Structure formats: structure tokens, C-alpha cells
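First up is the structure itself, then whatever we jot down about it.
The values are calculated or read from the model by the stated rules, or taken from the named source; none is laboratory data. Here the structure is a predicted model, which is why all the values come from computation and not from measurement. Using ideal geometry, Cβ is built from the backbone for each residue, glycine included, and neighbour counts are taken over all protein chains shown. To get the accessible areas, we keep the full protein, side chains included, count just its heavy atoms, and leave off ligands, DNA and RNA. Shrake-Rupley method; radii C 1.70, N 1.55, O 1.52, S 1.80 Å.
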Amino acid sequence: MAGLTAGVILVDPAGALVGANDAALRMHGVKQASELGATADEYCQLFSLSRRNGRRLKAREYPIMRMLAGESFPDLTVEVASIGANEPRWTHEVHDVVMDEDGGDPDCLALVIQDVSERYDAEGRFEAMFQANPAPALILRLHDQRFIRVNAGFAELCGCPRDTIEGRHLRDFDILSRTERAAIVAERLADGLTIPQVEAELPLPDGSRHLVILAGQPIEVAEQKCMLFTFADLEPRRSAETALRASEHRSTTMFRLAPVAMAVTSAGEHRIVEVNEAFSRMVGRSAHELIGRTVDDFQLWNDAAQRRTTEEEIDRSGGVRTCDVRVLPRDGEPVDCLVSAEAIDVRGERCVLWLYQDVTERRHSELELVDAIDAVMKDASWFSRSIMDKLATLREGGAAPSPMSVELSPREREVLELICDGLDDKGIAGRLGLTPNTVRNHVSRLYGRIGVNRRSAAVIWARERGIGGRSRERT
């Protein structure tokens, strides 16, 4: 007994404690055998024994009393504490040994004890960490392929209580049936090897499946070889990807079928990335011809300087609104457009969305109206200015403007008269000896002064007030 690492307590059949070795004393926190009690009854009064689940044992359930009652038992795990202690101090695995020399009644009984406190403490710490781990996890015992542990994260992921999974066989809850490289995963599980991260679909109680990343790590639990499976939930990502694909499909469909001409260009080189059907019809070119090229390759804008200025403004401020642009299609007459553009992200790439609103017919109508007004003013010079102002008011739906309400500078009046004569910015620049940029600045300020945003409206405003080339002809 003295040389054994196991604790031994000798008991005679009458219940008296005969002796104990040093290991047994250490396992009870005492120094002398007398401190264990003189009899089994005293032992029960000095020490409190409990099951691993915390249930306190009654005296007759103590291993020493069961042994005296003639009951034999294999290794029995109990938690031991001195009476009055707040919590167990040791965990013992206990079994009985009966010594009988002549084959009759037992001569002596021995309680053999193994101190497994450290092992159970480590398992307790592992169990606490396992259950506290927010990542879903479960443990599969390898020899019979049954699940022995399920943490709260996995139960929440599956939407079912842990006890509905614990004890089930892998074939009844096959978490590996739909994995990437399923054959390799099954082979590594059979060999008890680490299973690297793979995508899998978990079966759920309602019959649906949940997308996860699964990984397996071999471990030992209670000296049994097991596999710890951990999971990362990919379902939110799949849902987001599905929603993104649906959104992109809706956006693509709306872009493709929109009646207004639209194009997408790269933010750097402004190469065409995508066009819709309306844009292809407007410029008379297929999407295959346009994509990957710039508008300069086809001279789509009649004013390349205006296009560069517009692109610089987009790079600086992120967009432009309702710019007057003339588009030159492959065949047919030029198309007057109001162009708006906005910087956007397309699949992580910075791009520009262009919208071209065809206003050619409206411009023609406006010019026809200007010509009609000019004709009336030529043939009906007897109309008073007040009558003409009232006619203009009825046409515009507002209050009669006062000819003196806006004071123009001599240069602004010159620019306005040349606009009325039908000159574009280059023509005005040449006539007045200015640069095109200076002319554009004058035109922009002029628009702000008279409250218009396009040349045709400026012409109408001027003619209503007797300004313009034709009024000069009459004088």
C-alpha cells in the first residue's frame, strides 16, 4: 500500500477502518488515518460525497457503505469534500476490492481511490468554454459516431434544443452529407484527422438547410477520441448575395428597358462600360460597337471641349445636371439632348452614369414659336408693346415681365443679340474677339440674370423685349 499512487482504505467486515496509505490521506486532506474516522459511519459523518451532477449522496449510497453491504461496483466517480466545506475539493474514481484467503467470508475490504480532480477540472474548464463559445460547435465521439456535446450556439443555429441532438448518430443527423470535397472529409473523419474548413449545408428540423463553414479538430473527452466540429454561419452572406443579385437584376432590367438613353462609363478613362437599348437607337450603333470605346472614338458630342469640361466637373463634384448637348448619331440629324450624369459604384468600381434626354422636338417647337412671334411682330407692327407683353404672359402662364426689370451690361446685350442671330459659342467668340471659355462664362451669367437655362428660352426672352438681330433690321 505504501508505494501505490492510488489511495487505499482498508475496512474490516464489521465496518472498522483498519488503515489507509499516504495517497488516501492526501486525497482527503488529512495527515493521519484516524482523521478519516474509526468506522465507516464516522467516515460518512466527516466527509460529504456528491455525484458529478451535484446531487448529495445519502450515507447508504457512499461507496464504503455499499462495499460493506456486499455490493460490488466498477469505477464510480464521486466528488468529495469535508463536512462544512462550501464546494467539493476532490474528484475520486472509486472501486472495491474484496480480500478472502479461504474462500469464505471476506477477511478484509479495500476501497481503492484514484484522484481524478485535475482531469475533471480540465474537463470542467473545457465544458465551460465550450458552452460559452459564441461560435456554434458540437462534439462527435469517434468510436460510435454519436454526438456527445452540443453548445448553445449550435442549438440556436439549428433552432432546436441540445438534447434533441446529443446522443444521436451521425447518420441520423448527417452534418457532412452536403460538404465540399465530401469524400475527403469522410476519409479524414474515419482516420481521426483534422478536417480543414469546407462549406456545408446543415440539415434543419424543418427540412431546410443552412449554409455554413465547417471545420473539424480531433480532441479527447473523458479519455475518448472525439472530433470537435465548429461552424461559421454563412446564411446571412448567402441571403445578402441573393438580395444583391435580385437588386442587380432589377436595376439591370430597368436600365436596359428605360425609354431614356443611358450609358455607363469608367470614371478614369471614361470608356463606355454599358449602354441601354435607347442609347443604341439614339446614336445608331450597337452595344457591341460602343462598349470599351470612348465617345471621342465616334465623335458623339459635337463639342469635344464641352465634353471634357463636363467630365472634369464630374470628377470634381461627382455629377452634373441638365447640360445642353448636341449628339451626332451615325446617320440622321443631330440630336439635341439635356445630359445629366452621376458618379456611381458598379461592383466595386467607380463609374459614371449618363442620362441623355432627347429634346430635339421640343427645341423645334420652341424655334417654330419664336419664328411665329417674329412673323406676328413683322406683320402687326400696330400691336402695342403692352399687348405683346400680355400675349407673352398668357403663353408663359405668369405675370407680365417688365422690360426694365433686368439691366444688362453692354457685353451681355451683345452676347444676347448674337445668340438671337443664331450664333453658337465659337461664332460669338469669333465675332467679339473672345475665347470660347469667356463666352461660356458670359452666357452662364446671362442665363442667371434673365432666369433661363437654354438658348431657345434666351431667344424668346430677348424677342419679347425687342432685343435681337431682327429688331435691329427693322431699325
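Among what's in the range 29-52 and is assigned to a loop (DSSP other than H, G, I, E, B) and under 18 Å from ARG66 (Cβ atoms), pick the residue that is nearest to the chain's Cα centre (by Cα).
ARG52
Please indicate, with yes or no, whether at least one residue in the range 61-79 is in contact with a helix residue (DSSP H, G or I) (Cβ under 8 Å, 6 or more places away or on another chain), buried (at least 18 other Cβ atoms within 10 Å of the Cβ), touching a residue at least 40 places away in the same chain (Cβ under 8 Å) and over 17 Å from ASP115 (Cα atoms).
For the range 61-79, residues in contact with a helix residue (DSSP H, G or I) (Cβ under 8 Å, 6 or more places away or on another chain), buried (at least 18 other Cβ atoms within 10 Å of the Cβ), touching a residue at least 40 places away in the same chain (Cβ under 8 Å) and over 17 Å from ASP115 (Cα atoms): present.
Give the number of residues within the range 214-223 that are at pLDDT below 90 and either part of a strand (DSSP E or B) or closer than 29 Å to ARG238 by Cα (or both).
2
Quick check on ARG326: is it under 17 Å from THR360 (Cα atoms), out of contact with any His (no Cβ under 9 Å at 6 or more places or on another chain), outside any loop (DSSP other than H, G, I, E, B) and not aliphatic (A, V, I, L, M)?
yes
Residue-wise test of (1) surrounded by 12 or more Cβ atoms within 10 Å (Cβ to Cβ); (2) touching a Gly at 6+ places or on another chain (Cβ under 6 Å); (3) among the hydrophobic types (A, V, I, L, M, F, W, C).
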{"site": "VAL97", "(1), (2), (3)": "yes, no, yes"}
{"site": "PRO106", "(1), (2), (3)": "yes, no, no"}
{"site": "VAL116", "(1), (2), (3)": "yes, no, yes"}
{"site": "ARG119", "(1), (2), (3)": "yes, no, no"}
{"site": "ALA128", "(1), (2), (3)": "no, no, yes"}
{"site": "GLN131", "(1), (2), (3)": "yes, no, no"}
{"site": "ILE139", "(1), (2), (3)": "yes, no, yes"}
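Which condition number does ASP163 fail, the rest of (1) open to solvent by 60 Å² or more (accessible area, probe 1.4 Å); (2) part of a loop (DSSP other than H, G, I, E, B) being met?
Every listed condition holds for ASP163 apart from (2).
Evaluate the range 324-331: report whether one residue or more is touching a residue at least 40 places away in the same chain (Cβ under 8 Å) and exposed (fewer than 13 other Cβ atoms within 10 Å of the Cβ).
Checked against the condition, which is being touching a residue at least 40 places away in the same chain (Cβ under 8 Å) and exposed (fewer than 13 other Cβ atoms within 10 Å of the Cβ), the range 324-331 yields at least one hit.
Would you point out which residue out of ALA261, ALA240, ALA246 is among the hydrophobic types (A, V, I, L, M, F, W, C) and either open to solvent by less than 30 Å² (accessible area, probe 1.4 Å) or in contact (Cβ under 8 Å) with a residue 24 or more places away in the chain (or both)?
The match here is ALA261.
In the range 269-317, which residues are assigned to a strand (DSSP E or B), touching a residue at least 24 places away in the same chain (Cβ under 8 Å) and among the aliphatic types (A, V, I, L, M)?
Passing the criteria: only VAL273.
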